[in-house]
Amino acid sequence: MALAMALAAPVAAAPTISLQQGDIHRGHLPAGAHDLTLDGKPVVTAADGSYLIGVGRDAGPAARLGWTRADGSSDGADITISPRQWRIQSLPTLPPRPVPNAEFEARRPAELQQIAAARATIADGPGWRGGFVRPTTGAITGVFGSQRILAGTPSAPHAGLDFGAATGTPVVAPAAGVVRLASGPFTLEGNLVMLDHGMGLVSAFLHLSRIDVHAGDIVKQGQRLGAVGGTGRATGPHLHWGTTWTDVRIDPARLLALQPMEPAR
């Protein structure tokens, strides 16, 4: 007698995810999947299986998302990361350090500890799922990733967007979040606010002339955080908006292009 054999339904191949250097990617795990990783490193996911990842300025050319399916088997998606062309920006009047070296060396470790602590919490929240708005008015005067020449000396690449605006111009939250740090002046950043949008995505607002929030405040999109200034290492009044996913610096301009995330199905 012939045996009837039950054939398992074919599993559709996971699509390739195409990103560029400095990009952000939001997605949903397949139903029942868990234990998401990026190149073998664990990635926190929300209760509904949605997630957020970012790739840095010098990332590429490929990465791998992996997860465990509901039946215990492994699955994943390949990520292709396209290179970008970076500008060279010369700032001949901006010194690498705005205070004497001895003072900088004495103050900087504690400042870096505060900044790292503000980025350490990874929890869900509404901000990262929505759209983003500009944090202030004014022309964009500096872009993410550009190689900076400070007073003739090559420096680290620029890690955010600069907005040229007058001192006192309001700075608002580009998306909802929790204020993790509101302090200053720091040696480089000046008066600084760091806003946690959830899932490891943190915005930093530098060089403020004033701060209008406190650590622990929950703010809505568009709520005032402070005002444009020229504190810290700056040639004049402007807002530097930097964004990170965990410890990866990403391009804030990519956030401005995002549409609100579709709910998980």
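The values are calculated or read from the model by the stated rules, or taken from the named source; none is laboratory data. As the structure is a computational prediction, the values presented were derived from the model and not from experiment. In this analysis, Cβ positions are derived from the backbone assuming ideal geometry, glycine residues included, and neighbour counts consider all displayed protein chains.
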Can you name every residue in region 177-196 that is touching a Leu at 6+ places or on another chain (Cβ under 9 Å) and closer than 29 Å to Ala46 by Cα?
Gly177, Val178, Val179, Arg180, Leu181, Ala182, Leu192, Val193, Met194, Leu195
Just to be sure before I move on: is Thr167 among the polar types (S, T, N, Q), in contact (Cβ under 8 Å) with a residue 24 or more places away in the chain and under 20 Å from Arg134 (Cα atoms) in the structure I sent?
yes
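Taking Asp217 as the residue in question, decide whether it is more than 20 Å from Ala165 (Cβ to Cβ), surrounded by 21 or more Cβ atoms within 10 Å (Cβ to Cβ) and charged (D, E, K, R). Quick ask: steps written out before the conclusion?
Working: more than 20 Å from Ala165 (Cβ to Cβ): yes; surrounded by 21 or more Cβ atoms within 10 Å (Cβ to Cβ): no; charged (D, E, K, R): yes.
Against the criterion (more than 20 Å from Ala165 (Cβ to Cβ), surrounded by 21 or more Cβ atoms within 10 Å (Cβ to Cβ) and charged (D, E, K, R)), Asp217 does not qualify.
Quick check on Val228: is it closer than 29 Å to Ile149 by Cα, surrounded by 21 or more Cβ atoms within 10 Å (Cβ to Cβ), in the same structural domain as Pro98 (by TED's automatic domain parsing) and over 17 Å from the mean Cα position of the chain (by Cα)? Walk me through how you get there before you give the answer.
Numbers: closer than 29 Å to Ile149 by Cα: yes; surrounded by 21 or more Cβ atoms within 10 Å (Cβ to Cβ): yes; in the same structural domain as Pro98 (by TED's automatic domain parsing): yes; over 17 Å from the mean Cα position of the chain (by Cα): yes.
Yes: the conditions hold for Val228.
Go through region 71-109 and give me each residue that's part of a loop (DSSP other than H, G, I, E, B) and within 30 Å of Ile17 (Cβ to Cβ). Break it down into steps so the answer makes sense when it comes.
At the first step, the residues of region 71-109 found to be part of a loop (DSSP other than H, G, I, E, B) are 71-73, 83-87, 92-100.
Of everything in region 71-109, those that are part of a loop (DSSP other than H, G, I, E, B) and within 30 Å of Ile17 (Cβ to Cβ) turn out to be Asp71, Gly72, Ser73, Pro83, Arg84, Gln85, Trp86, Arg87.
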Those residues of region 109-133 which are touching a helix residue (DSSP H, G or I) at 6+ places or on another chain (Cβ under 8 Å) and surrounded by 18 or more Cβ atoms within 10 Å (Cβ to Cβ), in sequence order
Phe132
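Looking for whichever is in a strand (DSSP E or B) and in contact with a strand residue (DSSP E or B) (Cβ under 8 Å, 6 or more places away or on another chain) here; the options are Thr243, Thr231. Which one fits? Break it down stepwise before answering.
Values: Thr231 fails: in a strand (DSSP E or B).
Within the list Thr243, Thr231, the selection yields Thr243.
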Checking Met261 against (1) farther than 25 Å from Gly145 by Cα; (2) in a strand (DSSP E or B), only one condition comes out false. Which one?
(2)
Confirm whether Gly236 is assigned to a loop (DSSP other than H, G, I, E, B), closer than 19 Å to Leu188 by Cα and either among the basic types (Lys, Arg) or in the same structural domain as Pro92 (by TED's automatic domain parsing) (or both).
yes
Answer yes or no as to whether Pro157 is closer than 24 Å to Arg87 by Cβ, under 19 Å from the mean Cα position of the chain (by Cα) and surrounded by fewer than 21 Cβ atoms within 10 Å (Cβ to Cβ).
yes
